[in-house]
Amino acid sequence: MKKLFAKHNNWFFKAGFILTAVMVGVVLLGQIWTPYDPNAMDASVKAQGPTLRHLLGTDFFGRDILSRILEGAGATLQIAFFVVLIGAVFGTVIGALTGYFGGVVDEVLMRICDAITAFPSVLLALIAIAVIGPGRLNVIMVLGCVFIPSFARIVRAEFVRIKRLNYISLARLQGVGDFRIMLKHILPNTLPTLLPAISIGFNNAVLAEASMSFLGVGVSASEVSLGRMLSDSQNYILRGLPWYAVFVGLTIALLILGFSLLAEGLQQRR
Amino acid sequence: MKFVLKKLATLLITLLILSFLAYAAFEMVGDPVGMILGTNATPEAEAALREELGLNRSLPVRYFDWLFHFVKGDMGTSYIYRISVNEMIGEKLGLTVILTLFGFGLTLLMSIPLGVYSARREGSFADRALTVSNQIVMAIPAFFVAILLTVIFGVLLRLFTPGSFVSFNESPGRFFLYMLFPALSVAIPRTAMAAKMLRSSILGEMQKDYVRTAFSRGHNRRSALRAHALKNALLPIVAFLATTAAEMLAGCIVIEQIFSLPGIGRLLIASINNRDIPVVEAIVMILAVWVMVVHFFGEVISEALDPRLRS
């Protein structure tokens, strides 16, 4: 961690790190403690703007919006985490193998990746959800698969670049096996490119989940997430109560801003 | 000309493969007959409907039949409403295309001047302010911009009534006023990204040897930028703009929902929820054609700008 800070001593990285740490920290805290029970209704405080008792106001049922946002953000971050995990792990394995060994398989797989990445990821995920149905697990699987090609391309390009360097040829001359070279000699050197990609992955995953659930083709109707709350809050705007939508949107925007600043900072040295 | 034809051939083959994959995937969703008639239907009724929808033929036969009709412009019949898909999509497609082109035009109009200005005044206060605000704005999702615009211009300033779309035939002026806000919502985040890219691309070009040669021949920064660096600096932006045009269409699906626009995106979502497969297939194919075509144009323009890419 100290090394990361020394290497990326720029404002993007610092601001992104602080913002992400604060947001994730607050959301994690929300998993064990929220100011109110997210589902507790209170008829005396229906649809209020922000007050001291309810910092972000309440919805039509008198439920505390802050508590609900914490719960929803937890679900959204959980989905994003597993999506990035699936995308990064499978993408790295595929990118490493195709980049290192090359050949016909590499050529074919990269053409497929090109075709997939040409399509907006939300659109692909929408279509896939149309086929297999909504739900948290399905969203994770679908988005995870949609994210694999972009990671695979990045890792492949790095492997192609690094395998031509002298120290790899030397390692090979000394009789080091292919898999050991990939794991010990190349993989650690892909980290400077992989880390920003992971941060951007979180950014895109939060955005995709929010968009899909907002459209009603993400998590199922009984589950919470920031996207579902955003679609609920639509009705409030039309009745002149914009707070709900603004706070939910702001939460999503701050999460995304944190990850994107972090990615920008990780890409810049100094 | 040859590279255009080659790209065109690749485009058609990709579309053909995509169309088969999409068709086959939706066939796996399940039996539409059971979904339309419910669980209490008699076997005779199910057989009759299957006959009517042409489902008793094999998958390849149905696929080629569908493809043949699609190419001729007949997109099939909705399972749910039993009317032609062409009729259902008709005007809705026009609205989405207008929104996408409107948003894309705004992105072009705003991002290129901002990027060039920022690069020309590198290091100035305006440049630094723009860089910081671009970094923040590009991370704001289009739907949050939409919410903010609705709250500011719809709820507080009452420039338009949120949720009450005015069609072009009712009043062209109010139609464009209403469409301005959704178009701005998709355009603003993309403008920030494009302006940022253009700035760093121009600054990268200005450091190159050929620009220094231009300086030595008596060009000043401004004329060297206009005569030499700008064309090369635009190259990476073209690919980004192609992606933007593709992403914007997907972004419009969400934006249509927020602004209650009767576009193709809302129809897609409704059809997915209704399991109205012919409509979903038709829209997916239209979107695929759009995505492939904008990337095609992006590549052709890139190659026109830089002949080295043609190999």
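When a/c is below 1.5 the answer is rounded, else prolate if a/b is larger than b/c, else oblate, so apply that to the stretch B:11-107 with a ≥ b ≥ c taken from the square roots of the Cα gyration tensor eigenvalues. Numbers along the way, then the final one.
Details: a/c = 2.55, a/b = 1.70, b/c = 1.50.
Prolate.
Taking chain B as the reference, fit the longest principal axis to its C-alpha atoms, fit the long axis of helix B:2-27 to the helix C-alpha atoms, and give the angle between the two in degrees, 0 to 90, nearest 10.
Approximately 40 degrees, to the nearest 10.
Taking just the alpha-carbon atoms of chain A, what radius of gyration and Dmax come out, in angstrom?
Spelled out, the Cα radius of gyration and Dmax of chain A are 21.7, 77 Å.
Report, by chain and number, residues whose modeled amide H sits under 5 Å from the one on A:Phe61, excluding near sequence neighbours (fewer than 5 apart, same chain).
Under 5 Å from the amide H of A:Phe61: A:Ala47.
Run through the stretch A:98-189 and list the chymotrypsin sites (Phe, Trp or Tyr not before Pro) located in a DSSP loop whose Cβ has at most 12 other Cβ atoms within 10 Å. Each step should come with its number before you reach the end.
Working: sites: A:Tyr100, A:Phe101, A:Phe147, A:Phe151, A:Phe159, A:Tyr167, A:Phe179; in loops: none.
Nothing satisfies the criteria.
Using modelled amide H (1.01 Å from N, peptide plane; none on Pro or chain starts), what sits under 5 Å from the amide H of B:Thr77, excluding residues fewer than 5 places away?
The list, which skips near neighbours in sequence, is B:Val85.
What nm distance separates the two modelled labels at A:Arg239 and A:Lys7, each placed 7 Å from Cα along Cα→Cβ?
So the two model labels end up 5.2 nm from each other.
Given a Förster distance of 30 angstrom, what is the FRET efficiency for B:Phe64 paired with A:Ala157, based on the Cβ-Cβ distance and rounded to 0.05? Mind dumping the intermediate values first?
Details: r = 39 Å, r/R0 = 1.29.
Approximately 0.20, to the nearest 0.05.
Determine the equivalent ellipsoid of chain B by diagonalising the alpha-carbon gyration tensor, then write out the semi-axes as square roots of 5 times the eigenvalues, largest first, rounded to whole Å.
45, 27, 14
Between helix A:187-214 and chain A, what is the angle of the helix's C-alpha long axis to the longest principal axis, kept within 0 to 90° and rounded to the nearest 10?
Tilt relative to chain A: about 30 degrees.
Relative to the longest principal axis of chain A, what angle (0 to 90°, nearest 10) does the C-alpha long axis of helix A:65-101 take?
So the inclination is approximately 10 degrees.
Please turn the phi angles of the stretch A:106-118 into ³J(HN,Hα) values with the Karplus equation 6.51 cos²θ - 1.76 cosθ + 1.60 (θ = phi - 60°), one per residue in order, whole Hz, x for glycine and proline.
Once θ is set to phi - 60°, the couplings for the stretch A:106-118 become 4, 4, 5, 4, 5, 4, 4, 4, 4, 4, 5, 6, 5 Hz.
Please label the shape of the stretch B:88-263 as rounded, prolate or oblate, based on the square roots a ≥ b ≥ c of the eigenvalues of the alpha-carbon gyration tensor (a/c under 1.5 means rounded; beyond that, a/b larger than b/c means prolate, else oblate).
Prolate.
Before anything else, pin down the relative contact order of chain A: Cα pairs under 8 Å, at least 6 apart, normalised by residue count, whole percent.
On the way: 393 pairs, mean separation 80.6, N = 270.
Value for chain A: 30 percent.
Using a cut-off of 21 Å between alpha-carbon atoms, which lysines can reach B:Lys72, once sequence neighbours fewer than 8 places away in the same chain are excluded?
Cross-link targets: B:Lys92.
Add -39500 (n - 2.57) for each DSSP H run of 4 or more in the protein assembly as shown, then divide by its residues: what number comes out at 222 nm, to the nearest 500 deg cm²/dmol? Kindly include the intermediate steps, with their values, before the conclusion.
Values: 23 runs with 425 residues, N = 581.
For the protein assembly as shown, the value works out to -25000 deg cm²/dmol.
Taking the alpha-carbon centroid of each part, what is the distance from the stretch A:70-131 to the stretch A:196-250 in angstrom?
Result: 21 Å between the Cα centres.
If you plug each phi of the stretch A:38-55 into the Karplus form 6.51 cos²θ - 1.76 cosθ + 1.60 with θ = phi - 60°, what whole-Hz ³J(HN,Hα) values come out, in order, with x for Gly and Pro?
Values per residue, Gly and Pro as x: x, 9, 6, 9, 9, 5, 7, 10, 5, 6, 9, x, x, 10, 5, 6, 10, 4 Hz.
Taking square-rooted eigenvalues a ≥ b ≥ c of the alpha carbon gyration tensor, is the protein assembly as shown rounded, prolate or oblate, where a/c under 1.5 means rounded and, failing that, a/b exceeding b/c means prolate? List each step's numbers first, then the result.
Working: a/c = 1.36, a/b = 1.17, b/c = 1.17.
Because its axes are fairly even, with a/c under 1.5, the protein assembly as shown counts as rounded.
Convert each backbone phi in the stretch B:203-220 into a coupling constant with the Karplus relation 6.51 cos²θ - 1.76 cosθ + 1.60 (shift: θ = phi - 60°), then list the ³J(HN,Hα) values in order as whole Hz, x for Gly and Pro.
These are the phi-based 3J(HN,Hα) values: 4, x, 5, 5, 8, 6, 4, 5, 6, 5, 4, 4, 4, 5, 8, x, 6, 8 Hz.
Check which residues have an amide H placed less than 5 Å from A:Tyr36's amide H, if you skip close sequence neighbours.
Here A:Ser67 satisfy the definition.
Every number here is computed from the coordinates shown, using simple stated rules; none is lab data. None of the values given here were measured: they were computed from a predicted structure. Neighbour counts are summed over all protein chains in view; Cβ atoms, including those assigned to glycine, are modelled from backbone coordinates with ideal geometry.
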